[in-house]
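Data block below; observations after.
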Amino acid sequence: MKKLVIGNWKLHPATLAAAKKLAAAISRKSKHVAVICPPPAFLAGVVFPRLGAQDCFWEPAGAFTGQVSPVQLKSLRVKYCLVGHSEKRKLGETDEIVNAKARALLAAGITPVMCVGFGTKVEQDDLEVTDVLKTQLELGLAGLEPAEVIVAYEPVWAIGTGKNATPEHAEKMAIFIKHKFGVGKVLYGGSVSPYNAKGFLDQRNIDGLLPGGASLIPKYFNQIINL
Ligand code: PEP
């Protein structure tokens, strides 16, 4: 079955020329649906069939220096946008801000990819993890149609650490997120690599992946989108 693989480039690479080269090296034909999320400065200059953004502001226009609106992203043909990534939450993004951004994205016709899992610890059991997710999803999805939102389950301890969750744990969390909140699609993110990706893609309730580091290495990303 075709799944969705969204590559989060974070604050890489350093130049537009390098970003164009990286995008050009990603397969146009793949088994799964591939999306790339370059940094905002390069969104207009990079060519790829499906673009995502890493963040946005919640107002469409106005006196908001330095912000990028969902309406502007839409004009760049952006189809997906991350909200609530743990790296943004670390900088102060609250569940209320996540909710406001998701609302603004849906109003502009962009699918929000709501990242949850910030605050989880490696030694927590599944019940404790669902407690954290419950709060993030109750507040993040408030007033939204959950079926229109993609949720990315990203245990914070697995992001950029080389330590991934087990596919069985991720599957349990995906079932919880779908059944409890009516979310349509759930992705897994956290040290995804060509070596562990298949285990997640084989899970019935995991609809795709959100690789960070591996999306910057075309050989790895191309392997993952073709598994
Ligand atoms: C991410 O950027 O959301 C992520 C999970 O990064 P990494 O794959 O590098 O852990």
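The values are calculated or read from the model by the stated rules, or taken from the named source; none is laboratory data. Bear in mind that the values here come from a model prediction, so they are computed numbers and not experimental data. All Cβ positions, even for glycine, are placed from backbone atoms using ideal geometry, and neighbour counts span all protein chains on display. These area figures cover heavy atoms from the full protein model, side chains too; ligands, DNA and RNA do not enter into them. Shrake-Rupley method; radii C 1.70, N 1.55, O 1.52, S 1.80 Å.
Things worth noting here:
- Counted residue by residue at 0.36 nm each, then reduced by the alpha carbon distance between them, the extension gain from ILE175 to LEU106 reaches 22.5 nm.
- Share of carbon and sulfur in the accessible heavy-atom surface of the chain [1.4 Å probe, %]: 57
- Based on C-alpha pairs under 8 angstrom that are at least 6 apart in sequence, the chain has a relative contact order of 21 percent.
- Unit charges at the beta carbon, dipole of segment 4-224: most positive-side option, LEU22, GLN124, VAL186: LEU22
- The loop-placed trypsin sites (Lys or Arg not before Pro) in segment 54-84, going by DSSP, that have at most 14 neighbouring Cβ atoms within 10 Å of their Cβ come out as ARG77.
- Contact order relative to length of segment 110-227, as percent, for alpha carbon pairs under 8 angstrom and 6 or more apart: 24
- The HN-Hα couplings worked out from phi for segment 100-106 by the Karplus form 6.51 cos²θ - 1.76 cosθ + 1.60 (θ = phi - 60°) are 5, 5, 4, 4, 5, 5, 4 Hz, whole numbers, x standing for Gly and Pro.
- With the charge dipole of the chain set up from +1 on Lys and Arg Cβ and -1 on Asp and Glu Cβ about the Cα centre, the Cα lying farthest toward the positive end among the listed residues ASN8, ILE175, ILE97 is that of ASN8.
- A Förster distance of 25 Å, applied to the separation of the beta-carbon atoms of GLU128 and GLU96, puts the FRET efficiency at 0.60.
- Once the 1.4 Å probe is applied to the protein heavy atoms, the chain comes out at 45 Å² accessible per residue.
- For the chain, adding -39500 (n - 2.57) for each run of n ≥ 4 DSSP H residues and dividing by the number of residues yields -9500 deg cm²/dmol at 222 nm.
- Rounded if a/c under 1.5, otherwise prolate or oblate - the chain, Cα gyration tensor axes: oblate
- Extension gain for SER27 to ALA44 (0.36 nm times residue separation, less C-alpha to C-alpha distance): 4.2 nm.
- Charging the Cβ of each Asp and Glu at -1 and of each Lys and Arg at +1, and nothing else, the dipole of segment 4-224 about its Cα centre rounds to 1120 debye.
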